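Heads up, the thing below is written out as structure tokens.
The values are calculated or read from the model by the stated rules, or taken from the named source; none is laboratory data. Small disclaimer: the values here were computed from a predicted structure and weren't measured. A quick note on method: Cβ atoms are made from the backbone with ideal geometry, for glycine too, and the neighbour counts reach across all protein chains shown.
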Amino acid sequence: MLISTRTKKISLGILALVASIGGYEFIRGMQTRIQRKKMYQKALKRKKETGKPLLVIGDPYNGGMNSILGNDYDAGDITLDINGCPELRKRGNFNIIEGKLEDEIVKLQSNSYIVFLSCVLEYVNCENMQKVIQELHRISYNGKIEKDTDNPNLFIVTVPTFTIHSEIYFPVLWTHEGGANNVVYLKNGKYQFRKTLSRYLKQLK
């Protein structure tokens, strides 16, 4: 059976659309990798300047891109992750805290760490988000802060907005991280958040 010219055009159009979306998602993911590398290096530099230990929040070997392409940042003096960094444990004797960020951060001392956080705020329960951000400032800085970006000891990377994987976190299919709760973004120097599309749809059921 011959395929009509119209059907061919529709098929090619669909393939082009899928390829465009896939390319866009990949590019945004690579931009995040570059940002993580830069922010981690800034955190290391700040650690040397202050003498404070580096607290890394988020498993360097997990996540959508890192689980495929390899880590783009390393462990800290302490590394905190909900899944306990299993790959990191295999690689040496690291100081690892396993647990939810909102549960573990309240146990840490004030003004004691340089903090590098990679794509973890998205997993915090919405009702705990503001408290977690306050705690991140508490453990890293005791100066006056009007904006979240005023803290020189806090380095945060978030999942890029306006992407499919920020709304429906499909890498969960192989990373076993659990679904993200929030889309997190900066507005006027302060971190804002809203529910992901997948979270919203779940609540409609």
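Among the residues of region 57-75, just one is assigned to a loop (DSSP other than H, G, I, E, B), touching a helix residue (DSSP H, G or I) at 6+ places or on another chain (Cβ under 8 Å), under 18 Å from SER140 (Cβ atoms) and in contact (Cβ under 8 Å) with a residue 40 or more places away in the chain, namely TYR73.
Assessment of region 110-125 against the conditions (at pLDDT 90 or above, hydroxyl-bearing (Ser, Thr, Tyr) and in contact with a Phe, Trp or Tyr (Cβ under 7 Å, 6 or more places away or on another chain)) yields at least one matching residue. For region 81-99, filtered to residues that are touching an Asp or Glu at 6+ places or on another chain (Cβ under 6 Å) and not in a loop (DSSP other than H, G, I, E, B), the residue that is farthest from ARG33 (Cα to Cα) is ILE97. Pairing each residue of region 38-56 that is in contact (Cβ under 8 Å) with a residue 12 or more places away in the chain with any residue that is assigned to a helix (DSSP H, G or I), provided the two are 6+ apart or on different chains, yields C-beta distances under 7 Å for LEU54/ALA43; LEU54/LEU44; LEU54/LYS47.
Go through ASN95, ASN151, ASN142 for me and flag whichever is touching a His at 6+ places or on another chain (Cβ under 7 Å) and polar (S, T, N, Q). Unique residue meeting the criteria: ASN151. Can LYS131 be described as at pLDDT below 90, outside any strand (DSSP E or B) and at negative phi? Answer is no for this residue. Checked against the criterion of being surrounded by fewer than 16 Cβ atoms within 10 Å (Cβ to Cβ) and aliphatic (A, V, I, L, M), region 97-118 has at least one qualifying residue.
Look at (1) within 18 Å of LYS190 (Cα to Cα); (2) β-branched (Val, Ile, Thr); (3) in a helix (DSSP H, G or I) and you find that ILE105 fails only one, number (1). Picking from residues in region 134-169 that are within 23 Å of GLN41 (Cα to Cα), among the hydrophobic types (A, V, I, L, M, F, W, C) and not in a loop (DSSP other than H, G, I, E, B), the one that is farthest from the chain's Cα centre (by Cα) is ILE139.
On the stretch given as region 64-80, residues that are among the acidic types (Asp, Glu) and either in contact with a strand residue (DSSP E or B) (Cβ under 7 Å, 6 or more places away or on another chain) or modelled with pLDDT of 95 or more (or both) total 1. Among the residues of region 1-43, those that are loosely packed, with under 13 Cβ neighbours inside 10 Å and of a type in the set (Val, Ile, Thr) comprise ILE3, THR5, THR7, ILE10, ILE14, VAL18, ILE21, ILE27, ILE34.
Looking only at residues that are surrounded by fewer than 14 Cβ atoms within 10 Å (Cβ to Cβ) and either among the charged types (D, E, K, R) or touching a helix residue (DSSP H, G or I) at 6+ places or on another chain (Cβ under 9 Å) (or both) in region 171-186, which one is modelled with the highest pLDDT?
GLY178
Listed by first and then second residue, the pairs with beta-carbon distance under 8 Å, at least 6 apart or on different chains, first residue in region 5-22 and in a helix (DSSP H, G or I), second surrounded by 10 or more Cβ atoms within 10 Å (Cβ to Cβ) and not polar (S, T, N, Q), are ILE21/ILE164.
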